[in-house]
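The values are calculated or read from the model by the stated rules, or taken from the named source; none is laboratory data. It should be emphasised that the depicted structure is a prediction, and the values quoted were computed from it without experimental measurement. Backbone-built Cβ (ideal geometry, glycine too); neighbour counts: all protein chains shown.
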Amino acid sequence: MVHVGTRHRVYDKRHHAQQMAEEAKWKRQDQEEMAYRRLLHNNMDNPPCGTYRNMEGDHFEIEALGEGNITKINVTIENRICAPGTIWMPLTPFGEAGKPFDWNAHAAACGGTIEYWRAFKAEVGFNELGFITDPYGRRWRMFQLKPVTLRDIDGMMIYEFGSADTLDTTREHYLQSSDGTFQVVPPTPAPQPPLIIPGMSTSSTPEPQGLFQVGSMPGAMYPPPSYTTTYEQNPTYNGHMS
């Protein structure tokens, strides 16, 4: 009888955990559905065709069926993955010209992280930061995604991908050895949970490397970059690797 009672108690705990997981799943699906309905409502039930994402990782496409009808198609994991140096960005930039693109400010403008926005794959590219040597004498190539800032050209807000030869420790960067071993180095210090506060960071403007022009309507997710860190070429690595 004692063993039977114990089994029942274990079952009850597992059942409760499963029930809680199911409730969280359905709650999340309800939130996604409500966000999609708001997207339809804000566009008079006829949103532009294209790719849509939110900051929670949800991703779908809207395609035309003809005669004013549309359909929603979920995007597979394989199609969500970007090539190296390419990231999903909001089609419409939002923020202050001359400052880093701020995902928190975009979420605040959109009404929250669950809200959907049109997206495109931006070929941002990498900044090559030279080579470093770890304590074991192993040589690593170091590179980092180019920072994204906003620029106003004749009233048109555009993305600007900056070129730099210094490491920005507030963003993750990457290491690769000659044998192909790959390391992702997290930001230092580690970022705090995102706060939905517009206009959080300031920076100096790097030398423009590439421009990508999109629409100027208010519309965006990525920790804002900074350009204040200096880095000497070919230093001895301090062992900070993930």
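Quick notes on this one:
- One residue from Gly239, Gly155, Gly125 being at pLDDT 55 or above and either touching a strand residue (DSSP E or B) at 6+ places or on another chain (Cβ under 6 Å) or more than 18 Å from Ile87 (Cα to Cα) (or both): Gly155
- Within the stretch 58-112, the set of residues being in a loop (DSSP other than H, G, I, E, B), on the phi > 0 side of the Ramachandran plot and loosely packed, with under 15 Cβ neighbours inside 10 Å comprises Glu67, Gly68, Gly85, Gly98, Gly111, Gly112.
- The stretch 161-189: number of residues that are of a type in the set (A, V, I, L, M, F, W, C), under 17 Å from the mean Cα position of the chain (by Cα) and closer than 20 Å to Asp134 by Cβ: 2
- Scanning the stretch 70-106 for residues that are more than 13 Å from the chain's Cα centre (by Cα), β-branched (Val, Ile, Thr) and more than 19 Å from Glu160 (Cα to Cα) turns up Ile70, Thr71, Ile73, Val75, Thr76, Ile77.
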